[in-house]
1. Listing 91, 54 from the residue with the fewest other Cβ atoms within 10 Å to the one with the most, what is the order?
2. Would you mind ranking 213, 44 so that the residue whose beta carbon has the fewest other beta carbons within 10 Å leads the list?
3. When the chain is fully extended, how far beyond the present Cα-Cα distance does residue 186 get from residue 15, taking 0.36 nm per residue of separation?
4. To the nearest 0.05, how large is the calculated FRET efficiency for residue 137 and residue 162 if R₀ is 22 Å and r is the Cβ-Cβ distance?
5. Using only Cα atoms, find the angle between the long axis of helix 59-68 and the longest principal axis of the chain, and express it within 0 to 90 degrees, rounded to the nearest 10.
6. Nearest 10 degrees, 0 to 90: what angle lies between the long axis of helix 105-121 and the longest principal axis of the chain (Cα atoms)?
7. Peptides 99-111, 165-177, 3-15, 149-161: what's the order by average Cβ count within 10 Å, highest mean first?
8. Report Rg(Cα)/(2.2 N^0.38 Å) for region 2-120, keeping two decimals.
Ligand code: CA
């Protein structure tokens, strides 16, 4: 699940980002309306969270613009004022929900879940050979054995399986799993990939993930065994 957060108040942005990352969401963030709009137009998100008062274009204007472009991604507004007028303006611009600051993270998360449920309901189990991912429970099994993964390892595996058979570059993996704010010089993908492969390798001698020299990583569907 990939979320775009547009919030200029750094402490709130950091709080939300940290909390969502712990819940396995990938978060891109922008601190002004114009950067937020560019990200929303270029990338595909499962949810967009917009502060109303932003430098550059406002959250309301941003929401209006993405709806005008035909982007139907659920939008949640963060509003500082609990007035009927603000709520109406937000909903009129095409937002699906709003939450008034300050809010408890628990309530915020419940709303995030509700808004992303529509997308999630259509997600079925993902399979690659004997590897099975249940995206709702975030459960990974190989054969009947459950593999315990850390959030980033899970996100990498999920991304690979969704793109089964396609070679994914480190940059694409970074963008998808770590979000927009990453250091391109880092070897964090390789480090996590190694941990992930070790964990999967323990469960199956076959090894699932292949590295393609100079290109990236790919997960292949194993060939069907005769008679299976
Ligand atoms: Ca603000």
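A short reminder: the numbers here are calculations on the coordinates, not readings from a lab. It should be emphasised that the depicted structure is a prediction, and the values quoted were computed from it without experimental measurement. Cβ atoms come from the backbone with ideal geometry, glycine included; neighbour counts cover every protein chain shown.
1. Details: 91 16, 54 24.
Lowest count first: 91, 54.
2. Lowest count first: 213, 44.
3. 59.2 nm
4. 0.85
5. 60
6. On a 0 to 90 degree scale, this one is about 60.
7. Values: 99-111: 13.5, 165-177: 16.4, 3-15: 18.5, 149-161: 21.1.
In descending order of packing, they fall as 149-161, 3-15, 165-177, 99-111.
8. Details: Rg = 12.7 Å, N = 119, 2.2 N^0.38 = 13.5 Å.
For region 2-120, the normalised Cα radius of gyration is 0.94.
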